[in-house]
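What follows is a short report on a single structure.
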Amino acid sequence: LVPASADQLTPQAAVERLFTSSTINADWFAPSFLAQVPVTQVQVIVGQLKSQLGAYKGVRADGDNFLVDFDKGSVPTIITLDGVGRIAGLLFKPPVTANGAPINEDASKAAIARLFTSAKLDPTWFEPTFLAQVPATKLQSIVDELKSQLGAFHGVRVVGSDFYADFDKGSVPTAISLDAGGRIQGLFFRPTVLKRADIGA
């Protein structure tokens, strides 16, 4: 085995570099990551988080993951590095307040509910750079498919820092972030959690 170089970044240092550098460098990422997420998109997401949350304060460990701290809240962050210290996996979860509750909780719940209660999505609900990555037509097909699979929509609840869109047949764990104007700038539907069928009569 080749020993890791002495100056190889730790995951925590890699997260810190993302938020303290004026420009994000493609060399910091594994090619397999960049094939899925262009460095320009990472730059946009990091810039949006900084503009939304104020001054950067630092990165601290949170179990196996990290919290990136700002004046107005923290961003739970999952990161993995490859064998030479490049970022191979990166996920920013929705920002939370100091006590772990989602930032803009009510606005975020309303934004998720609107997705599932409206017959047609309105592009003005979304931040333009988000729509550049995920077209409104693709979002519409995803939302329509979830509604057809899961039946009637019941509402949105919060569990810890996560949102759950509840339907007759199950729930959709949903990560969402809004910009300063309340537009959706990040949206991710995790695998559906189906309700177990009642056993017995």
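The figures follow:
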| quantity | calculated |
| --- | --- |
| Tally of residues being over 24 Å from Leu53 (Cβ atoms) and without any contact (Cβ under 8 Å) to a residue 24 or more places away in the chain across the range 85-127 | 6 |
| Residue, farthest from Ala98 (Cα to Cα), within the range 38-56, restricted to residues that are open to solvent by less than 40 Å² (accessible area, probe 1.4 Å) and in contact with a strand residue (DSSP E or B) (Cβ under 8 Å, 6 or more places away or on another chain) | Val39 |
| Condition met for Val59 (crowded, with 18+ Cβ neighbours inside 10 Å, assigned to a strand (DSSP E or B) and in contact with an Asp or Glu (Cβ under 6 Å, 6 or more places away or on another chain)) | yes |
| The range 19-31 - residue that is in contact (Cβ under 8 Å) with a residue 40 or more places away in the chain and open to solvent by less than 80 Å² (accessible area, probe 1.4 Å) and, of those, farthest from Ala61 (Cα to Cα) | Ala30 |
| Test for Gly155: is it touching a strand residue (DSSP E or B) at 6+ places or on another chain (Cβ under 7 Å) and over 30 Å from Phe29 (Cβ atoms) | yes |
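The values are calculated or read from the model by the stated rules, or taken from the named source; none is laboratory data. Everything quoted here is computed from the prediction, not taken from an experiment. No Cβ is skipped: glycine too gets one built from the backbone with ideal geometry, and neighbour counts run over all protein chains shown. In case anyone asks, the SASA skips ligands and DNA or RNA and just uses the protein heavy atoms, side chains included. Shrake-Rupley method; radii C 1.70, N 1.55, O 1.52, S 1.80 Å.
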